[in-house]
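Since the structure comes first, as structure tokens, the remarks are kept for the end.
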Amino acid sequence: DDRDDPMRFPPLPNLDRNVREGDALSGHGFEDAIIPDGASLAPLRLRYVRASGARKRTLAYALDVAERKRAVLAVTQRITLHTAERRELLLAARSPDLFQSRRAPSATAIRALAAVREALRAARASLRRLRDGGALPFSFATHFPEVASAGGFDVVVGNPPWVRPHDVAPAMREALRERFVTFRQAAWEVGAESAGAGRGFASQADLAAVFTERAVQLTRPGGVIALLLPAKLWSALAGGGVRRLLLQRTELLALEEWVAGSAGFDAVVYPSSLLARRADAARLAESGGTGELRLGLHGASHSASGTLSWTAQRGALALDSSGGAPWLLLPPAVRTAFDALTAAGTPLAESQFGRPLLGVKSGCNEAFVVETAEPTSSLVRTERSSKDIAHGIAIRSGETAGTIEASHLRPLARGEHVRAWSLGADTQRSAIIWTHDALGAPARALPPLVRAWLTRWRGRLEARADGRGANWWALYRTDGARTDRARVVWGDIGRSPRALVLPAGDRTVPLNTCYVVRAAREDDAHALAALLNSPLAAAWLNAIAEPARGGYHRYLGWTCARLPLPADWPRARALLAPLGRSGAAGAPPSDALLTQVVCAAFGVDPSVVAPLLDWSGG
């Protein structure tokens with residue numbers, strides 16, 4: 001405006017009825033909400049925007065009345081729907097069977113009826129508050145009914161909270177599970193199956209995924225969504241729900257990540273930005289998921305400017321074609337190399353080894369994980385020697401000291417103890433109190449010193465979530481501690497995988513910061529360890545692994561379960577086992593030799609996978 005006199009500028013419009021404060025996850029989105037005659041509010045709100053003085057006050061009152069009237073109507077209609085639903089459930093429960101006998105309602109019917117009754121109670125209480133003049137509970141349908149009638153907002157922009165699920169109150173988790181599919185079905189199902197994770201994995205969904213779903217619900221077809229989100233949503237197992245939702249209901253336009261660290265945040269996080277256009281089912285069916293999107297990495301060391309950007313087909317973003325599969329932000333040449341190695345092998349979980357096992361879980365490390373007065377190497381490294389050791393040994397856990405029977409101690413391996421080829425020297429006095437028999441079942445009784453030691457924590461041990469129905473001194477997930485076969489062990493976090501072999505009979509217990517694969521024969525174990533310790537395996541895994549702080553990655557069960565093993569495993573074993581044995585004997589092969597032999601085991605030319613190796617090395 002070229003006017004010089006500020007007093008001649010027109011006043012800003014009245015935006016107070018458009019700027020709202022409330023819980024964006026409460027209630028329903030526009031799609032599922034009951035919106036009585038929302039379009040009629042649009043002219044009233046438009047008049048209010050330009051009004052002033054007495055006219056502004058009159059229109060504000062009229063808006064209050066109109067919003068309250070529609071809120072009352074919406075709750076009334078919801079009560080009507082719940083009442084009809086309750087009637088149908090009662091009729092079904094009371095109807096006789098073919099022999100005119102009354103049948104007891106099923107557990108599912110009882111739960112459904114209880115849920116409907118609770119919803120009715122809540123709706124009636126809400127109606128009483130509204131009629132008594134109570135504040136309108138925030139909901140998009142109540143406060144923006146004219147937007148709902150138009151199909152949604154043109155643009156939704158946000159930086160939603162990034163909250164881990166264990167920081168969300170249980171009642172809120174239940175409400176989110178009911179309202180949002182990204183919370184209810186959070187996991188990438190194929191990856192969850194390969195990792196042995198159950199459907200309960202939905203509780204691991206980050207709250208940012210739920211906000212993303214709400215953003216999609218609020219955007220009209222053709223509208224744009226722009227969000228700042230944690231980068232882990234695109235690679236984590238629990239991000240499958242939000243990835244599936246975005247591919248089914250939007251056209252991705254751009255996805256960028258900041259890979260070098262905090263990017264200005266106080267916490268150590270890895271941010272990403274998402275730009276997507278809401279699309280209806282017909283448009284998505286017509287496009288078939290094709291079309292280009294822009295991808296970018298900021299803070300990457302692969303570019304002098306620290307920024308890389310490229311375009312890719314939307315259909316080529318995911319790891320595979322399964323619903324909710326992780327998205328890979330890899331430049332085209334790197335992605336081609338990644339896919340070539342994938343095609344040359346069989347996923348670990350589908351091989352003779354099966355899926356990786358998580359290490360032993362105690363649920364109370366203070367009770368079970370101890371430091372010993374003498375090196376564990378002199379105690380119970382083999383099953384045979386353990387039977388001969390019945391003397392007491394001094395142990396300590398934090399400030400608590402005591403003595404227990406040495407026969408119930410086993411050497412311990414944490415993830416941070418695991419080095420490539422061998423355990424670190426810092427494991428020499430780490431041990432776990434072993435309360436199971438030779439077959440892995442909890443012991444029926446404990447010797448007196450062990451029982452006295454563990455009794456200090458009995459209350460906590462009985463309250464463990466995994467302890468229902470088990471002896472209070474039991475450990476969990478003990479399959480990875482079985483000694484009848486050679487085991488390959490690696491730590492769950494690192495800059496690259498670090499794997500070692502525990503021979504059959506070695507009683508070392510990997511804790512749940514480790515993953516374990518049991519091998520039929522020792523050569524299989526050494527060959528797999530050589531593969532995991534190779535730069536090529538590290539490059540492949542780092543392309544899909546979840547990021548951790550300081551440039552580290554999480555080598556979780558599902559991640560390593562997808563690692564390709566050479567299709568001709570007997571041939572690969574003959575090539576790789578000697579390198580694994582050499583590493584275990586203290587003469588590890590060089591990275592160059594490992595790369596050369598691993599490429600030969602896969603039957604791929606090193607030039608084919610060179611872009612992937614260069615990317616990981618960068």
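Looking for something over 22 Å from Phe140 (Cβ atoms), at pLDDT 80 or above, among the hydrophobic types (A, V, I, L, M, F, W, C) and not in a helix (DSSP H, G or I) - is there at least one such residue anywhere in region 173-181? Checked against the condition, which is being over 22 Å from Phe140 (Cβ atoms), at pLDDT 80 or above, among the hydrophobic types (A, V, I, L, M, F, W, C) and not in a helix (DSSP H, G or I), region 173-181 yields no hits at all. Which residue is nearest to Leu502 (Cα to Cα), if the candidates are limited to region 585-618 and must be among the hydroxyl-bearing types (Ser, Thr, Tyr) and surrounded by 13 or more Cβ atoms within 10 Å (Cβ to Cβ)? For region 585-618, the residue satisfying everything is Thr595.
When residues in region 310-356 are screened for being assigned to a strand (DSSP E or B), open to solvent by 40 Å² or more (accessible area, probe 1.4 Å), touching a Lys or Arg at 6+ places or on another chain (Cβ under 9 Å) and in contact (Cβ under 8 Å) with a residue 24 or more places away in the chain, 0 of them pass.
Ala520 fulfils the conditions (1) at pLDDT 95 or above; (2) in contact with a Phe, Trp or Tyr (Cβ under 9 Å, 6 or more places away or on another chain); (3) among the small types (Gly, Ala, Ser) except for a single criterion, (1). Among (1) in a strand (DSSP E or B); (2) surrounded by 21 or more Cβ atoms within 10 Å (Cβ to Cβ), which single condition is Ala208 missing? Checking Ala208 against (1) in a strand (DSSP E or B); (2) surrounded by 21 or more Cβ atoms within 10 Å (Cβ to Cβ), the one that fails is (1).
Scanning region 439-463 for residues that are within 19 Å of Leu412 (Cβ to Cβ) and at pLDDT below 85 turns up just one, Gly440.
If you check Leu612 against the conditions, is it touching a His at 6+ places or on another chain (Cβ under 8 Å) and in a helix (DSSP H, G or I)? No: the conditions fail for Leu612. Here Ser287 meets each of (1) modelled with pLDDT of 90 or more; (2) polar (S, T, N, Q); (3) in contact with a strand residue (DSSP E or B) (Cβ under 8 Å, 6 or more places away or on another chain) with one exception, condition (1).
For region 142-159, the tally of residues that are open to solvent by 30 Å² or more (accessible area, probe 1.4 Å) and closer than 11 Å to Val224 by Cβ stands at 4. Name the one entry in Leu63, Leu46, Leu81 that is open to solvent by 80 Å² or more (accessible area, probe 1.4 Å), at pLDDT 85 or above and closer than 30 Å to Ala215 by Cβ. None of the other options fit; the residue is Leu81. Here Arg277 meets each of (1) in a loop (DSSP other than H, G, I, E, B); (2) open to solvent by 30 Å² or more (accessible area, probe 1.4 Å) with one exception, condition (1). Listed by first and then second residue, the pairs linking a residue in region 589-618 that is touching a residue at least 60 places away in the same chain (Cβ under 8 Å) and more than 13 Å from Ala538 (Cβ to Cβ) to a residue that is part of a loop (DSSP other than H, G, I, E, B) and hydrophobic (A, V, I, L, M, F, W, C), with Cβ atoms under 6 Å apart and 6 or more places separating them unless they lie on different chains, are Phe602/Ala344; Val604/Ala344.
Regarding Asp479, is this residue open to solvent by 50 Å² or more (accessible area, probe 1.4 Å), closer than 21 Å to Arg562 by Cβ and out of contact with any Cys (no Cβ under 6 Å at 6 or more places or on another chain)? Yes: the conditions hold for Asp479. The residues in region 211-238 that are outside any loop (DSSP other than H, G, I, E, B) and either open to solvent by less than 20 Å² (accessible area, probe 1.4 Å) or closer than 27 Å to Cys560 by Cα (or both) can be counted, and the count is 19. Per the conditions (1) closer than 20 Å to Leu423 by Cα; (2) part of a loop (DSSP other than H, G, I, E, B), the sole criterion not satisfied by Val604 is (1). Of the residues in region 560-581, at least one is under 11 Å from Pro497 (Cα atoms) and not charged (D, E, K, R). Please verify whether region 26-43 includes one or more residues that are farther than 14 Å from Pro145 by Cβ and among the β-branched types (Val, Ile, Thr). Checked against the condition, which is being farther than 14 Å from Pro145 by Cβ and among the β-branched types (Val, Ile, Thr), region 26-43 yields no hits at all. Scanning region 459-470 for residues that are in contact with a helix residue (DSSP H, G or I) (Cβ under 9 Å, 6 or more places away or on another chain) and open to solvent by 20 Å² or more (accessible area, probe 1.4 Å) yields one hit, Arg460.
Once region 383-438 is narrowed to residues that are open to solvent by 40 Å² or more (accessible area, probe 1.4 Å), under 30 Å from Pro589 (Cβ atoms) and polar (S, T, N, Q), the residue that is modelled with the lowest pLDDT is Gln428. Scanning region 357-380 for residues that are assigned to a loop (DSSP other than H, G, I, E, B), open to solvent by 20 Å² or more (accessible area, probe 1.4 Å) and either modelled with pLDDT of 90 or more or of a type in the set (S, T, N, Q) (or both) turns up just one, Gly363.
All of (1) crowded, with 17+ Cβ neighbours inside 10 Å; (2) under 29 Å from the mean Cα position of the chain (by Cα) hold for Ala486 with one exception: (2). Identify all residues within region 293-309 that are assigned to a loop (DSSP other than H, G, I, E, B) and either among the hydroxyl-bearing types (Ser, Thr, Tyr) or touching a His at 6+ places or on another chain (Cβ under 6 Å) (or both); write none if there are none. Residues satisfying the conditions are Ser301, Ser303, Ser305.
The values are calculated or read from the model by the stated rules, or taken from the named source; none is laboratory data. Bear in mind that the values here come from a model prediction, so they are computed numbers and not experimental data. Cβ atoms come from the backbone with ideal geometry, glycine included; neighbour counts cover every protein chain shown. Just the protein is used for accessible areas: all its heavy atoms, side chains included, with ligands, DNA and RNA removed. Shrake-Rupley method; radii C 1.70, N 1.55, O 1.52, S 1.80 Å.
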